[in-house]
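Visitor: Sharing a structure here in structure tokens format.
The values are calculated or read from the model by the stated rules, or taken from the named source; none is laboratory data. Here the structure is a predicted model, which is why all the values come from computation and not from measurement. A quick note on method: Cβ atoms are made from the backbone with ideal geometry, for glycine too, and the neighbour counts reach across all protein chains shown. The protein model used for the area step is the full one, side chains on, heavy atoms only, and it has no ligands, DNA or RNA in it. Shrake-Rupley method; radii C 1.70, N 1.55, O 1.52, S 1.80 Å.
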Amino acid sequence: MNNTAHTLSSVHINRAVVADNEKLHLSQLPIPTIDSRDQLLIQVVAAGICRTDSFVATGHIPVNRPITLGHELAGVVVDCGYETDFKIGDRVTVDPSIPCQTCTGCLSDSQCYNPKMLGIDYDGCFADYLLITSHVAHHIPESMTPFEAAYVEPVAAALGIFNTGIQTSDRGCVLGKNRFARLIRDL
């Protein structure tokens, strides 16, 4: 493991938007440190706000509080464990659905039956720094802006409609005018 996080902690603070007792506040938290060989410390560059974040903040989605909100992001790796495919300086985005790594789905390289969610089960990305397991991180190309990369998760969620069995000849209705409804309508 690298000593980058220790250098950062003496220079920077880790501001985070934290939900506590159904109220939001800006907190100064310690910068997380790598404690596993497969972790990444990401400096968050861009984060998207989702309705899920507002539901967590207002208590409509129950979580253990306090928790840092956010699950749509782009960032830069500033420290990493020694068993990752990443290096310091890599630009990344993150799949916020974190597999348990122990269920039969995970053990058979299938879909996790017990996933946890960034910003719900684990502290999220509305912070200067995020500690995450490397197997949910993805490199982003230099041609993609951080704002575009933070939008990868909602686009991927909208594309999930192709896994529903709906055929192009089927008729349906998309309700709403939010960004997710527009993404699905425009597929």
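Visitor: Eigenvalues of the Cα gyration tensor times 5, then square-rooted: what semi-axes does that give for segment 12-112, in whole angstrom, largest first? Walk me through the numbers on the way to the answer.
Guide: Values: eigenvalues 122, 83, 32 Å².
Semi-axes, largest first: 25, 20, 13 Å.
Visitor: Work out the charge dipole of the chain with +1 on the Cβ of Lys and Arg and -1 on the Cβ of Asp and Glu about the Cα centre, then indicate which of Ile140, Leu130, Ile49 is farthest towards its positive end.
Guide: Highest projection toward the positive end goes to Ile49.
Visitor: Using the heavy atoms of the protein chains and a 1.4 angstrom probe, tell me the accessible area per residue for the chain in square angstrom.
Guide: Values: 11180 Å² over 187 residues.
On a per-residue basis, the chain sits at 60 Å².
Visitor: Shifting gears a bit: Using just the alpha carbons, could you tell me how many Å³ per residue the convex hull of segment 70-187 encloses? Don't jump to the answer; show the numbers that get you there.
Guide: Working: hull volume 17.1 nm³, N = 118.
In segment 70-187, the Cα convex hull volume per residue is 145 Å³.
Visitor: Moving on to the next point. Taking amide H positions as placed in the peptide plane 1.01 Å from N, state which residues far from Ile98 in sequence (5 or more) or on other chains have amide H under 5 Å from it.
Guide: For Ile98, whose amide H was placed from the backbone, the distant partners under 5 Å are Lys116, Met117, Leu118.
Visitor: Then there's this: Near the amide H of Ile61, under 5 Å away, which other amide H atoms are found, from residues 5 or more places off or on another chain, if H is placed in the peptide plane?
Guide: For Ile61, whose amide H was placed from the backbone, the distant partners under 5 Å are Val56.
Visitor: Which value, in debye to the nearest 20, gives the size of the charge dipole of the chain about its Cα centre, when Lys and Arg are +1 and Asp and Glu are -1 at the Cβ?
Guide: Working: 13 positive and 20 negative charges, 129 e Å.
Approximately 620 debye in magnitude.
Visitor: Within the set of other residues whose C-beta is less than 12 Å from the C-beta of Lys116, count the net charge using Lys and Arg as +1 and Asp and Glu as -1.
Guide: Net of charged neighbours comes to -3.
Visitor: Same structure again: Take Ser110, Ser134 and sort them by solvent-accessible surface of the protein heavy atoms, 1.4 Å probe, largest at the top.
Guide: Working: Ser110 70, Ser134 15 Å².
Order by accessible area, largest first: Ser110, Ser134.
Visitor: Amide H to amide H under 5 Å from Gly124: which residues, 5+ apart in sequence or cross-chain, H placed 1.01 Å off N in plane?
Guide: Residues meeting the criterion, in which the H sits 1.01 Å from N, are Thr68, Leu69, Gly119.
Visitor: Continuing with this model, one more query. For segment 99-109, what does the Karplus curve 6.51 cos²θ - 1.76 cosθ + 1.60, with θ = phi - 60°, yield as ³J(HN,Hα) per residue in whole Hz, taken in order and with x for Gly and Pro?
Guide: Ordered by residue, 3J(HN,Hα) equals x, 6, 6, 10, 6, 5, x, 5, 5, 9, 6 Hz.
Visitor: Test of understanding: what is the full-extension gain from Ser54 to Asn114, defined as 0.36 nm times their sequence separation minus their Cα-Cα distance? List each step's numbers first, then the result.
Guide: Values: separation 60, 0.36 × 60 = 21.60 nm, distance 2.32 nm.
Full extension from Ser54 to Asn114 adds 19.3 nm.
Visitor: Ok, one more. For the chain, which whole-number percentage of the solvent-accessible area (1.4 Å probe, protein heavy atoms only) is attributable to carbon and sulfur atoms? Show your work: numbers first, answer last.
Guide: On the way: 5910 of 11180 Å².
Summing carbon and sulfur atoms, their accessible area is 53 percent of the total for the chain.
Visitor: Take each of the peptides 136-145, 117-126, average the number of other beta-carbon atoms within 10 Å over its residues, and list them starting from the highest.
Guide: On the way: 136-145: 13.7, 117-126: 22.6.
By packing density, highest mean first, the sequence is 117-126, 136-145.
Visitor: What range in the chain is the longest one free of trypsin sites (Lys or Arg not before Pro) that are in a loop by DSSP and have at most 15 other Cβ atoms within 10 angstrom?
Guide: On the way: sites that count: Arg37, Lys87, Arg171, Lys177.
It runs 88-170.
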